[in-house]
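Following: one structure in structure tokens, then a few remarks.
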Amino acid sequence: MAERSKAIRPMGVGELEVVSNGESIKTKVLVNASGAWANTVARLAGAIELPLHPCRRHLFVSPPLDWVDASWPFVWDVSHDIYFRPEGEGLLLCACDQQELPPGDPPADETVRELLAEKIQNYIPGLSHVSISRGWAGFRTLSADGRFVIGWDPKVKGLFWVAGLRRSRRHYKFSCRYLGRRVDFGRIRQKIRSLFTR
Ligand SMILES: Cc1cc2nc3c(=O)[nH]c(=O)nc-3n(C[C@H](O)[C@H](O)[C@H](O)COP(=O)(O)OP(=O)(O)OC[C@H]3O[C@@H](n4cnc5c(N)ncnc54)[C@H](O)[C@@H]3O)c2cc1C
């Protein structure tokens, strides 16, 4: 259903009816994968609400940089919460900002660009000369314990939750182990290291 559901009604025969602007669909299984809106959809269905926290985060991209190699891995300074990775011919950068907001289209906060500049200056000085061509904000929805919320709703039969999705360090550890077996880090280690030193 491409449009947003406006109502979700149990039909009493093991089915749920989902009503959107243009149509009504009857289904035995409805997956609540509505990200920051997961509790809004749960409310529509008469389900329990969960402690989910939609948090805004900004991403920034640089113009093309001829010294960036598209094969570089994701580089995350977990001590200072800042990361970058190749994006197109330039870099994608994130200061790992986090602000809880109601679900919607999150407005961009200009001060986060300053936070990014400050973190780069302090922790990855080799990127200090990199300019920013574009930035935007989106939601990461955090659960109370940081884990994914995946499973059947205990109250509404047929409603299945897939919420609280976001990256976590644990997912990165897995990805890095996987990646480590495939990428020759020796080749790029020196260049990446030089970005962290003055
Ligand atoms: C800056 C930033 C960087 C990120 N980087 C990464 C990354 O590198 N790797 C990674 O894995 N994750 C990343 N994430 C997290 C990732 O974007 C989210 O975890 C992911 O988008 C959540 O997916 P989702 O399907 O749960 O929700 P969403 O992608 O938000 O999708 C929810 C959908 O539900 C729809 N919806 C809402 N209400 C209704 C309704 N009533 N009826 C029907 N549909 C509805 C919405 O329109 C939307 O399309 C990042 C997030 C941010 C903000």
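Name the strands (runs of 3 or more DSSP E) wholly inside region 33-95 in which the number of residues that are within 13 Å of the ligand (Cβ to nearest atom) and not hydrophobic (A, V, I, L, M, F, W, C) is 1 or more.
52-61, 82-87
What number of residues in region 1-32 are more than 9 Å from the ligand (Cβ to nearest atom) and of a type in the set (D, E, K, R)?
6
Only residues that are surrounded by fewer than 14 Cβ atoms within 10 Å (Cβ to Cβ) and of a type outside the set (Lys, Arg): list them for region 1-24, please.
Result: 2, 3, 7, 11, 12, 13, 14, 21, 22, 23, 24.
Read-outs: derived from the displayed coordinates by stated rules, not from any lab. Not measured: the values here are computed from a predicted model. Using ideal geometry, Cβ is built from the backbone for each residue, glycine included, and neighbour counts are taken over all protein chains shown.
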